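A.B. asks: Sharing a structure, written as structure tokens. Questions coming.
The values are calculated or read from the model by the stated rules, or taken from the named source; none is laboratory data. Note that this is a predicted model, so its numbers are computed, not measured. Quick reminder, even Gly has a Cβ in these numbers, built from the backbone with ideal geometry, and neighbours come from all protein chains shown.
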Amino acid sequence: MSRGRALAAAALRAAGGALLAAAAAAAAEPGPEEDYVLHCSGCHRLDGSGAPGVAPGLRDLGRLLGAPGGRAYLVRVPGVAQAPLDDVRLARLLNFVLGEMAASPASPPYAPEEVARLRRSPLRDPRAERARLVPPAPSPR
Amino acid sequence: MKGFDRLVESSARSLARRAGRRSFLARLGGLLVGAAAAPLLPVARAAAQAPRDPAPPEDLPGPEGDPTRCEYWRHCAIDGFACACCGGSATRCPPGTELSPVTWIGTCRNPADGRDYIISYNDCCGKGMCGRCACNRNEGERPEYHWYRNNDINWCAGASSQVYHCSVAVVVGRATEPQPER
């Protein structure tokens, strides 16, 4: 084997090893489904249907996402902003919930940088902000 | 009258030919397959996508394999009365009680396969406190930092009755990241 070919083979082996290591790291990191179950599903329930009086359902989040300021609200709401997840996983989780549970994918998808910026200013009064963004229907008399 | 008999007989035979047991079974089969496919519909997709592993090994010797003991492996983060001691089981509420929709979620390591599983500790509500098998292990609880990692909340808040009876320990998935992080 020539010196050049030996070098190329070594480089290939190194690249293969790096790929394998990256694959192993990716496999060890929880996906958004697992993050949802661990950090959200206790109150919003496994299927995102929510529990009246405790936690709102997530299936109709499209309405909130579509309201002016709604995209920021979904990151600034304390349950999201303060979740013990880094920006990359939190962005992935938001995109999963909106795309898979609410069938209203964020467009463009949340990026980690956007999540990082928004979660730095968590909402003081999420209930009031939500009512401002999506006014509740007047109760029938 | 004879004509009527013949008419009834021929229509009964024709019905039997068209609607035999087999066609009933075929339709029942279709219904069962349909019911099995229902969870794949978009409504249930999110739940189906939860990282489920339906069968962690349960053949553990001693108290770690006994749902009526606080040492039971799934009870690592429980705070309450184990439903298996209260007329229910580790996954089923006792008769006369209602499963709370909101719940405390934790993870436990199964000693048989060394893997971590996500456990949902739903409360069973609607009857007075069971009083048997009071377990208070709370591994992973961090109430002073995360309100939702607080096991002292009465999770019956989401049920129609807020009276707490006992807690189940349902495996809802595999955990690649145990709580708390090791």
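A.B. asks: Select from region B:148-162 the residues that are modelled with pLDDT under 75 and of a type in the set (Phe, Trp, Tyr) and list them in ascending order.
C.D. replies: B:Tyr148
A.B. asks: Being in contact with a helix residue (DSSP H, G or I) (Cβ under 6 Å, 6 or more places away or on another chain) and at the interface with chain B (Cβ under 8 Å from one of its Cβ atoms) is the filter here; which residues of region A:45-58 pass it?
C.D. replies: A:Leu46, A:Asp47, A:Gly48, A:Ala51, A:Val54, A:Ala55
A.B. asks: Give region B:126-140 a look and list any residue that's at pLDDT 95 or above and within 14 Å of chain A (Cβ to nearest Cβ), or say none.
C.D. replies: Result: no residue meets the conditions.
A.B. asks: Another question, if that's okay. So is B:Asp123 closer than 30 Å to A:Gln82 by Cβ and either of a type outside the set (Gly, Ala, Ser) or within 13 Å of chain A (Cβ to nearest Cβ) (or both) or not?
C.D. replies: So B:Asp123 passes the test.
A.B. asks: Would you mention how many residues in region A:43-89 are outside any loop (DSSP other than H, G, I, E, B) and among the small types (Gly, Ala, Ser)?
C.D. replies: Looking only at that region, the number is 8.
A.B. asks: Condition first: surrounded by fewer than 16 Cβ atoms within 10 Å (Cβ to Cβ) and not β-branched (Val, Ile, Thr). Can you find one or more residues in region B:98-106 that meet it?
C.D. replies: no
A.B. asks: Quick one: in region A:63-78, which of the residues that are in contact (Cβ under 8 Å) with a residue 40 or more places away in the chain and surrounded by fewer than 16 Cβ atoms within 10 Å (Cβ to Cβ) is farthest from the other protein chains (Cβ to nearest Cβ)? Full working, then the answer.
C.D. replies: Applying the first criterion (in contact (Cβ under 8 Å) with a residue 40 or more places away in the chain) to region A:63-78 yields A:63-65, A:67-70, A:72-73, A:75-78.
From the residues that got through so far, the ones that are surrounded by fewer than 16 Cβ atoms within 10 Å (Cβ to Cβ) too are A:63, A:67-69, A:78.
Values: A:Arg63: 18, A:Ala67: 23, A:Pro68: 27, A:Gly69: 25, A:Pro78: 9 Å.
Among residues in region A:63-78 that are in contact (Cβ under 8 Å) with a residue 40 or more places away in the chain and surrounded by fewer than 16 Cβ atoms within 10 Å (Cβ to Cβ), the one farthest from the other protein chains (Cβ to nearest Cβ) is A:Pro68.
A.B. asks: Oh, and also: Since A:Val37 meets every condition but one in (1) away from chain B (no Cβ under 12 Å); (2) crowded, with 19+ Cβ neighbours inside 10 Å; (3) in contact with a Leu (Cβ under 9 Å, 6 or more places away or on another chain), which condition does it not meet?
C.D. replies: Only one criterion is unmet by A:Val37, namely (1).
A.B. asks: Let me ask something else about it. So which residues in region B:141-169 are touching a Ser or Thr at 6+ places or on another chain (Cβ under 7 Å) and either part of a loop (DSSP other than H, G, I, E, B) or more than 10 Å from chain A (Cβ to nearest Cβ) (or both), if there are any at all?
C.D. replies: B:Cys156, B:Ala159, B:His165, B:Val168, listed by residue number.
A.B. asks: Only one of these is at pLDDT below 55 and of a type in the set (Gly, Ala, Ser): B:Gly87, B:Gly62, B:Gly20, B:Gly96. Name it. Please lay out each step first, then the result.
C.D. replies: Working: B:Gly87 fails: at pLDDT below 55; B:Gly62 fails: at pLDDT below 55; B:Gly96 fails: at pLDDT below 55.
Only one candidate passes the filter, namely B:Gly20.
A.B. asks: Can you name the residue in region B:118-147 that is out of contact with any strand residue (DSSP E or B) (no Cβ under 8 Å at 6 or more places or on another chain) and within 21 Å of A:Asp35 (Cβ to Cβ) and is also surrounded by the fewest Cβ atoms within 10 Å (Cβ to Cβ) among such residues?
C.D. replies: Residue satisfying both the conditions and the ranking: B:Tyr145.
A.B. asks: On to the next question. Assuming B:Arg115 fulfils every condition listed in (1) within 14 Å of chain A (Cβ to nearest Cβ); (2) over 17 Å from B:Gly65 (Cα atoms) apart from one, which condition is it?
C.D. replies: In the conditions (1) within 14 Å of chain A (Cβ to nearest Cβ); (2) over 17 Å from B:Gly65 (Cα atoms), B:Arg115 misses (2) alone.
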